[in-house]
Amino acid sequence: MNAPKHGHEVERQELSHLLPRPGTPGLSPARSQRLEEYLMQEVTQTGAQTQPSPAAKRGMPRWSLIAAPAAALAVAAAVAVSVTGSGTGPTDDSVAMSSVITVQPASAHGATAFLSQVADAAGKQKTPTVGAHQFIYVKSKVGFTHQVKQRTIGGPAKLDAVHQRQVWLAADPSKNGLIHEGGQNTTIHNSGPGIVNPHAAAQPPRPGTVPQIASLSTNPDTLLKQIYTATRGQAPGKDAAAFNWVGDTVSESIVPGNVASAIWRAAAKIPGVVLVKDATDAAGRHGEAIAHVSNGERTEYIFDRNTHLFLGERSYLVKDTPEGKAGMLTGTSAILSRAVVNKIGDLPAGARA
C-alpha cells in the first residue's frame, strides 16, 4: 500500500489533472535532452519502484508525441499513443519551407500591454459548448524537426515539410482520441484511472480536455500559482515549463473565453516573456508574438495583429548550438479551424479533409 502523500505533493498531483494533452508535436533540439532522459529512465528501470525519479514525473516533453526517433517509438506508444496507417509519408498537401529564418529582435517592453489586448480579445470570443460525449476537432498545419541520423538523440536536425494535421480530442477522459497526420492515424489513449507509467506510484490518469480546462481559475495570480504547482519539476526550468504549459493548453483545445483571458494575463507574469513584433506561422500568416527563450531556443505564440487572436506557434534557435545555427526552425504550426463534432472522423459543416 502506498504511503499517503502530504502537502505540496498532494497539491501537485491534483493540479496535474489540469494539464492538457501535448500540443502540436515535433522534436526540437532543445527538448531532445528531456526526451532522452525520459526514455533512458523508462528503458533502464527494472522491477517496481516505490518512488518515481524526477524524469519519470516530468513525462513526455511537448512537441514530441509523434516525431520521436524510431528507437523511441515503442516507449512513446506505451506512454500515450499507438500508430496505424498507410505509412505513405507526407501527403500531397506538404509544402517545403526554409528551415532558417532571421532571428527577430525581442523586448520585454510592451509585452504586458500586448498580452492585455490578447486577453481582452480572448474574453470576448464565443466558444461552443462541448457535450460530454463529443469531440474537439482541430485542423492545423505543422512542421517539426527530426534528427538527421536515425536512432539518435542530439546532433544535426532537419525540418520536415509543413503538412496538414487533424486532431479529434474526446471531452470524456475515458474515451480515446485520434490524430491524423502524414498518412497515419495515431490513437490518443485515455484509459480513465489507468496508470501511465507502471513503475510510478500514483501517476495521474491522462487528463481530459473540457472539465479540467473549464475548472482552471479565472484569477490570473491564482492561475499562475496553479500552473507553477502543476509543472513543478518539469524541464527545462520553472518559467519555461510554465510558458510551455500555456501553449499546450491553448493549441489543440477549445478554451472558454474567461479562462483563456486569465491564461494570457497569467502568461504576462512569467519572468522572461518578451514581445516579438514580426512572426510568421506555418500558414505564412504574419503577426506579433509573445516569446520565451530556454536553452538557446525561442518559443513564440503568434497572434493576428488586428484581432489579437491566436494563430499558431513557432520555435527556433537564437544562438548556434551542436544541433544547428541561430535561426534554425525547430517547429512551426498554424491553427486553421476548431469545432465541436460528434465522433472521430466527423468534420465541421462545409469543411473538407
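A few points about this structure:
- Two-site FRET efficiency, residue 102 against residue 342, from Cβ-Cβ distance with R₀ of 45 Å, rounded to 0.05: 0.50
- Shape of the range 233-327, Cα gyration tensor, a/c cut at 1.5: oblate
- Note on residue 258 and residue 305: their simple-model spin labels are 3.5 nm apart, each label 7 Å out from Cα toward Cβ.
- Scanning residues 5 or more positions from residue 327 or on other chains, those with amide H under 5 Å from its amide H are 317, 318, 319, with H placed 1.01 Å from N in the peptide plane.
- Within-11-Å neighbourhood charge of residue 219 [Cβ basis; K, R +1; D, E -1]: +1
- Relative contact order of the range 305-345, defined on C-alpha pairs under 8 angstrom at six or more residues apart (%): 35
- Where labels lie 7 Å past Cα in the beta-carbon direction, separation of residue 158 and residue 127 in nm: 3.9
None of the figures in this text is laboratory data; all of them are computed from the coordinates on show. The model shown is predicted, which means the values in this text are computed figures rather than measured ones. Please note: Cβ atoms are built from the backbone with ideal geometry, for glycine as well, and neighbour counts cover all protein chains shown.
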